[in-house]
Amino acid sequence: MQGQTRAHVLVSGRVQGVFYRAETDQTAHKLEIHGWVRNLPDGRVEAVFEGPQDAVEAMIDWCHQGSRAARVSNVKVEYAQPEGIEGFVIQ
């Protein structure tokens with residue numbers, strides 16, 4: 001998996017109830033990113049992205065803006081070795 005990376009992302013702000021997960025899913029498919037996205041009970045959105053380094057970085061950049069109605073206040077990213085996730089799902 002040379003050139004592949006994994007990013008665990010936590011997004012804070014007004015990110016639930018504003019189509020953030022749905023648009024994350026659409027963007028991930030467009031960028032051919034694998035992983036998942038879900039809402040957390042504390043109001044944040046959590047996601048894992050796996051794929052080529054440049055595509056994952058583009059996905060993280062997108063997370064700073066999010067959906068049109070979102071108001072992102074913080075994006076925390078931790079990198080790790082890819083685990084070989086296939087596809088992208090909303091959990």
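The values are calculated or read from the model by the stated rules, or taken from the named source; none is laboratory data. Just so you know, these numbers come straight off a predicted model, no measurement behind them. Here the Cβ is made from the backbone with ideal geometry for all residues, glycine too, and neighbour counts use every protein chain on show. Surface accessibility is based on the protein's heavy atoms, side chains included, excluding ligands, DNA and RNA. Shrake-Rupley method; radii C 1.70, N 1.55, O 1.52, S 1.80 Å.
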| Before we move on, is Ile90 touching a Ser or Thr at 6+ places or on another chain (Cβ under 9 Å), surrounded by fewer than 16 Cβ atoms within 10 Å (Cβ to Cβ), hydrophobic (A, V, I, L, M, F, W, C) and over 12 Å from Arg14 (Cα atoms)? | yes
| So, in the stretch 1-32, of the ones that are out of contact with any Pro (no Cβ under 8 Å at 6 or more places or on another chain) and assigned to a strand (DSSP E or B), which residue ends up surrounded by the most Cβ atoms within 10 Å (Cβ to Cβ)? | Val11
| field | Selection from the stretch 67-76 of residues that are surrounded by 15 or more Cβ atoms within 10 Å (Cβ to Cβ) and under 22 Å from Gln4 (Cβ atoms) | value | Val75
| query | Which of the residues that make up the stretch 39-76 are part of a helix (DSSP H, G or I) and of a type in the set (Val, Ile, Thr)? | reply | Val56, Ile60
| Every pair of residues 6+ apart whose Cβ atoms lie under 8 Å, when the first sits in the stretch 41-66 and is open to solvent by 30 Å² or more (accessible area, probe 1.4 Å) while the second is among the hydrophobic types (A, V, I, L, M, F, W, C) | Arg44/Leu10; Arg44/Val11; Arg44/Val15; Ala58/Leu31; His64/Val72; His64/Val75; Gln65/Val72
| said: Tell me yes or no: at least one residue of the stretch 77-88 is of a type in the set (Gly, Ala, Ser), within 23 Å of Gln4 (Cα to Cα), more than 12 Å from the chain's Cα centre (by Cα) and outside any loop (DSSP other than H, G, I, E, B). | reply: yes
| field | Condition met for Gly35 (part of a strand (DSSP E or B), small (Gly, Ala, Ser) and in contact with a strand residue (DSSP E or B) (Cβ under 6 Å, 6 or more places away or on another chain)) | value | yes
